1. Where Rh denotes the Kirkwood radius from the mean inverse Cα pair distance, what is Rg over Rh for the protein assembly as shown?
2. 7 Å along Cα→Cβ for the label point: how many nanometres lie between A:Gly337 and each equivalent label in the other copies, listed shortest first?
3. Between A:Asp60 and B:Asp60, how high is the FRET efficiency from 1/(1 + (r/R0)^6) when r is the Cβ-Cβ distance and R₀ = 25 Å? Nearest 0.05.
4. Please list, in order along the stretch B:410-426, the HN-Hα scalar couplings obtained from phi with the Karplus expression 6.51 cos²θ - 1.76 cosθ + 1.60 (θ = phi - 60°), rounded to whole Hz, x for Gly and Pro.
5. Which whole-number percent gives the relative contact order of chain B, counting Cα pairs below 8 Å spaced six or more residues apart?
6. Using alpha-carbon positions, what is the distance between the centroids of the stretch A:302-368 and the stretch B:371-426, in Å?
7. What is the log10 of I(q)/I(0) for chain A, computed with the Debye formula using one identical point scatterer on each Cα and no solvent, at q = 0.07, 0.10, 0.11 Å⁻¹?
8. What does the charge count near A:Gln366 come to, summing +1 for each Lys or Arg and -1 for each Asp or Glu among other residues with Cβ under 12 Å from its Cβ?
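We did not get these values from a lab; they are worked out from the coordinates using the rules stated. Just so we're clear, the structure is a prediction, and the values are computed from it rather than from any experiment. Methodologically, a virtual Cβ is constructed for each residue, glycine included, from the backbone with ideal geometry; neighbour enumeration extends over all protein chains shown.
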There are 2 protein chains.
Amino acid sequence: MSVVAYNKLSVAKITELYHDLHKKYDAFQKMGLRLDMSRGKPSKQQLDLSSGLLDCLSHDDYTSCTGVDCRNYGGLDGIMEMKRIFADILDIDVTEVLVGGNSSLSMMFDNIASNMTHGVRDGIPWQRQGSIRFICPVPGYDRHFAMCDYFHIEMIPIPMKADGPDMDMVETLVSGDPLIKGMFCVPIFSNPDGCVYSDATVMRIAGLQPKAFDFRLYWDNAYCVHAFNGEVPKIPNILRECEKVNNPHMPLIFTSFSKVSFSGAAVSAIASSASNCQYILKRMNIQTVGPDKLNQLRHVRFFGDVQGVRGHMRKMAENIKPKFDAVDEILTRYLQGKEIAWWSKPNGGYFISFNSLNGCAKRIVQLCKEAGVTMTPAGATFPYGRDPFDSNIRIAPTYPTLDELKLAMEIFCAAVEIASLEKLME
Amino acid sequence: MSVVAYNKLSVAKITELYHDLHKKYDAFQKMGLRLDMSRGKPSKQQLDLSSGLLDCLSHDDYTSCTGVDCRNYGGLDGIMEMKRIFADILDIDVTEVLVGGNSSLSMMFDNIASNMTHGVRDGIPWQRQGSIRFICPVPGYDRHFAMCDYFHIEMIPIPMKADGPDMDMVETLVSGDPLIKGMFCVPIFSNPDGCVYSDATVMRIAGLQPKAFDFRLYWDNAYCVHAFNGEVPKIPNILRECEKVNNPHMPLIFTSFSKVSFSGAAVSAIASSASNCQYILKRMNIQTVGPDKLNQLRHVRFFGDVQGVRGHMRKMAENIKPKFDAVDEILTRYLQGKEIAWWSKPNGGYFISFNSLNGCAKRIVQLCKEAGVTMTPAGATFPYGRDPFDSNIRIAPTYPTLDELKLAMEIFCAAVEIASLEKLME
């Protein structure tokens, strides 16, 4: 039996289908489930892959390769061997990276906070320049948007295409508006699309000629080692590309091991021109006693080097990929060909981006919730939580077990069908 | 032979003394020493007391008492058992404390940053209120002053007395000036005086009636468990005292284990009214994935409870107290009765506060440096690095070994005598 697009069905057929689906949905509801797919959280099994981190230091192992006693004060920039691992991952020099604490989000927040009150490289504080704006590719990461909102930074949504943000729009806006001060990019396995920016997109981003002298790229490379097939995508090096076009200080790269080792107890890094790093250190010198160097040493002992990280991520992929495959398989089984659903098929990262018929996403999430499945709120992938089409939903497959995930996706698909039929019956 | 005050000596005698001292000093210089007494850093021996922290978790020990997987995301406020330890130390409720990362300085910095851009409890941002000011008891902690300076907060120095800041001055200023937004206090074993605020001082601070509706106490209780004789001074509980006088949200208490366990890898806390804690969590929810809960769990496993902390600090005192005694003994031996030097004799904390004849501190520090002993820069204990009397020097005895310390103090005393004689010969 071939699948028919739902918008081609008769009213009678739609009504019949709707009642059948509701029976199925009611049965799910009676199961009293409580499944959480709202956040990109690792599962217990993923975390177990790093359990060696918990006991890899011994009571007399606290000295870095340069002789630093990691227990004591000092070393704002991180220990050399951890800087080396991040530098190797990002293909940059150790002078271009600072290793922080357990949250790259907080490094990004702090960078924005610093620019608000003190300006970029001692420039005019952003907050004194009027109502500043950031370019926000959509769908995107809700926590980027939350930071903008918190600092009253206006967000300009720019559609994501298959190869990255719509650069025609970005170029026009950034070159014309001195109040556009920043742009968020998740260049590898973007959140939520799982898109990898094409070489052409990266070059065009590097070649931006911002009207604002203090424009900054927030290059959130959170998933730069998170490939499912062992092949990390190779995109042009943003630091080197920006240097070539005389824009050396524009990019600020953020990355972390939050989804490599322990989400709550990992290490993060900011990478930028060596001179930007020095500016950041000046602030840190006032701000903090420095990052937890022992936790950096733990990561060094556990992973060894960049090859160790890559090997670890291959094991991680063995755990994650079956979950992404299951989501795709179930979405395909129930929704393919009905022209009510479209979704991404990423080769890495943490999310699948799902699009329903316009005006259905909120209803789908609500139906899921009422059947015990918590999804990321509809709209979360857009600035101010406002998806103009009410269509995008971020699916985060990692946290549940494979069995829970399959069940949750069955429910999700029923919810999608019901919401779509309701829409078609309007 | 009884000691004579140097200002009673004849010119001939001064000249003779000066030449003898210079011979001694020249001999020190020839030793080519490199001793660092510039910062309040723990020694290796102190750090070794906590080496159990390095291997106290095993690969299957990662769950908090409330069932939280400390490896994963979540738990912005810290794990319950670590909150309990801080709450017990500060004699407050667990709802009044948030456990952070490894630096209470960064929590303080962040609180000021937050108030600058977003105001106190959603009030008017400090930065929009004109040139705001903080009360800074002097001598004080240079990193407090550096933060004010960074945020362009004007510092009003207030003299420290034996029982805390001069409260007559503080009350007059704070009740009259709406631009005074904050006051730094190190109530127990103050930096550098080692002073413990009297009950009367604490009550008067709690009872302040600030003209500014958004005035905050930065109550830096960094040394609250750092007694040398096992007896932690008991001062009135600032949260409770402020509640009594209807000022419940005024105090922000900061403390940490930076000088209890590992200076670079400890845990810190902010404590305040439960409602203030909720405001802080709102910001943290945007700012970070949360603190490193595993490091909190490590501290819980190692210390157990507040009694464990107190026992540990008694062992710490056995290491530190001989150093403070040595400093006092050498200062007494060389300088007592000459009326060229006065110093504190603290019962805890990390510093000895030294005062020379007016106009001598910079010269003393310079003489020390030229003989290979790095002291905290003269003036560092005052806002903008300006000691109006050029008299105060912070002595930090912990980092060197006892032998190094004794040698450094011999040199220091020679430097004090030389600088004083130079001043008397002017």
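1. 1.03
2. Nearest to farthest, the other copies are at 10.6 nm.
3. Working: r = 23 Å, r/R0 = 0.93.
It comes to 0.60.
4. Once θ is set to phi - 60°, the couplings for the stretch B:410-426 become 4, 5, 4, 5, 4, 5, 4, 5, 4, 4, 5, 5, 4, 5, 5, 7, 4 Hz.
5. For chain B, the relative contact order is 25 percent.
6. When both Cα centres are located, 64 Å separates them.
7. One equal scatterer on each Cα of chain A leads to -0.37, -0.73, -0.86.
8. That works out to 0.
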